[in-house]
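The values are calculated or read from the model by the stated rules, or taken from the named source; none is laboratory data. Model, not experiment: these values are computed from the prediction. Every residue, glycine as well, gets a Cβ built from its backbone with ideal geometry; the counts of neighbours run over all protein chains shown.
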Amino acid sequence: MNQTGIDTVAPVERQRWWRRGWVLWTGAAFVLVAIAGALMVEWGLRQLQPMLRKKVVESLSAKFHSPVELDRFELSMRKGVIVRGGGLRILYLAGPTKPDARQNAPPMVVVDSFEFGTDWRELLRPTTRIVDVKVHGVTVNIPPKEERGPLMPDDPKEKGQGKLSITVDRIECTDAKVTLETIKPGKKPLEFEISSVVLTDVGAKKPLNYTAVLRNPKPVGDVRSTGHFGPWQRDNPRDTPIDGDYEFTHADLSSIHGLGGMLSSTGKYEGTLGAIAVDGAAEVPEFRLDISDHSLPMRTEFNAVVDGTTGDVRLDRVKARLGRSELTATGSVTRATGAPGHTTDLHAVMEKGRIEDMLALAMKGNPALMRGALATKVHVVVPPGPVSVSKKVRLDGTFAIHDALLNNVKMQQELDAMSERAQGKPKLANAQDAAVVGSSMSGTFSQADAVMQIPELNYQMPGAQVTMSGQIELIGSTYEFHGKVRTEATASQMTTGWKSLLLVPFDKLLKKNGAGVELPIKVTGTRSTYDLRLDFPHDTRAPAKLPTPAK
């Protein structure tokens, strides 16, 4: 208070409090306005969501000429424009050729959930840009070709009219399944399970980039692929371009009954959806069949054409190396008629093979019965079905084996002795240093139900020729053959001393068709053993075993 008695402090304090109050009231007003704005936005969103949901359903319905259902639709504007939804069902992705073509059929497209967003400014531009779209749980059911119209059909009402232009930077889809249905009797739908797929640079009139991870059903393994797809050809989807690279890893061949080993494959592909040219290579470090306890390394290079709409494969060239054996093949893998699964049909030629490789895969026992060079031509058919591959595979072909040697030393020595006797050198047959002889074989064969039939087998070694027929049971690793042996030497020339003199009168009796001796024989064995005897079918006595070298 001053000398006049007037309080000068109060007006200053009142002024300060007034300023503070004004700030507080202004702030409160802004808060109230913000709250009111938020409430208005919330109210507006609540009013806008049903209208937008209805617009989305109507647009999709008009686009696909199909009923559309949408269970959930949410709109948020807190950070730009965010749209979330789920339970989307589109009955027709391809309009039916007749109204009752798909009565009681499942929707062609089902989406569990989706989310995408954009900025307010993008809505004001001629082309709206959406940065990211996330889709989860997609099921696509494509009806048989005979029951559908063109995929993604044009709407004649839209021609000549402006369209809302939208570009999408990235679409991420997880847990998807595509099913191509068929009306052919006995054929099951073709199904593709996709773990994830990422699409970038998505546009209607240009190819899109994609990265996909698929779970291959048989053999079970992961396929990762990157490439380009499109633009979509509405009039004929088979003509839609596609290209890329793939990597197939951790493919467990044991998921195919009868096979074993872990496969890996890489390659590239290009073409159209109806004819995809694939160049690739595959490797199985320990390939095996269930009828044997041996494995061999296998590596293949191949050129194939895949029909992406049916899953059928045409194998133009397959070059494989199995152990030390090399082969080439052509053929096909097609969906079977009358049974689920695929039929493999191959024509294979092996010019540089090893018989020990084939025996190791086909029969138990270590080591294999023999070793030698193998050449063969074979027609291979593997029908569908749950039976083991080794049991259901069907083979028909010819073979030739050169420079064959028995892996059992004792058995090879007995064979060497037989050769010396057949050449009329019985003294060498009894020597420890008898020459080691290689054999050659040729013939025809067929296989079914894990039993190999050999109706014609020609066996040659120095001094003797053998013609036989018989069969090999692959599962039991047993074999039995019947035939005849023809030698260069006569009976008396195949032995020495008094035995030779006793056999001289029988030389003329045993000579036949220019051979020194012609006798019926029987060969049986299991795995790595064999038993060679004379075979007189009308003799009730035990068959005589052919002579072996003296100990």
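Can you spot a residue in region 334-355 that is at negative phi, surrounded by 15 or more Cβ atoms within 10 Å (Cβ to Cβ) and assigned to a helix (DSSP H, G or I)?
yes
Tell me whether region 478-501 contains one or more residues that are modelled with pLDDT of 85 or more, in a strand (DSSP E or B) and among the acidic types (Asp, Glu).
Yes, some residue in region 478-501 is modelled with pLDDT of 85 or more, in a strand (DSSP E or B) and among the acidic types (Asp, Glu).
Name the strands (runs of 3 or more DSSP E) wholly within region 78-173 that hold at least 2 residues that are under 31 Å from the mean Cα position of the chain (by Cα) and either surrounded by 18 or more Cβ atoms within 10 Å (Cβ to Cβ) or at pLDDT below 85 (or both)?
109-118, 127-142
Of (1) in contact (Cβ under 8 Å) with a residue 24 or more places away in the chain; (2) closer than 22 Å to GLN471 by Cβ; (3) not polar (S, T, N, Q), ASP403 satisfies all except one. Which?
In the conditions (1) in contact (Cβ under 8 Å) with a residue 24 or more places away in the chain; (2) closer than 22 Å to GLN471 by Cβ; (3) not polar (S, T, N, Q), ASP403 misses (2) alone.
Search region 398-452 for residues being part of a loop (DSSP other than H, G, I, E, B) and within 43 Å of the chain's Cα centre (by Cα), and hand back the single one that is surrounded by the fewest Cβ atoms within 10 Å (Cβ to Cβ).
Applying the filter and picking the extreme gives ASP449.
Check region 240-247 and report whether any residue there is at pLDDT 85 or above and within 26 Å of ARG288 (Cα to Cα).
Yes, there is a match, as at least one residue in region 240-247 is at pLDDT 85 or above and within 26 Å of ARG288 (Cα to Cα).
Might you let me know whether region 322-333 holds any residue that is among the small types (Gly, Ala, Ser), surrounded by fewer than 18 Cβ atoms within 10 Å (Cβ to Cβ) and more than 20 Å from VAL451 (Cα to Cα)?
yes
Pairs needed: first member in region 201-230, farther than 18 Å from TYR246 by Cα; second member anywhere, β-branched (Val, Ile, Thr); C-beta distance under 8 Å; at least 6 residues apart or different chains.
From residues that are farther than 18 Å from TYR246 by Cα, the pairs are VAL202/THR167; VAL202/VAL168; VAL202/ILE171; GLY203/THR167.
So, LEU273, is that one within 12 Å of VAL223 (Cβ to Cβ), surrounded by 15 or more Cβ atoms within 10 Å (Cβ to Cβ) and not basic (Lys, Arg) or not?
No; evaluated as a whole, the condition is false for this residue.
Given (1) closer than 21 Å to THR179 by Cβ; (2) surrounded by 17 or more Cβ atoms within 10 Å (Cβ to Cβ); (3) in contact with a helix residue (DSSP H, G or I) (Cβ under 6 Å, 6 or more places away or on another chain), identify the lone condition not met by GLY258.
(1)
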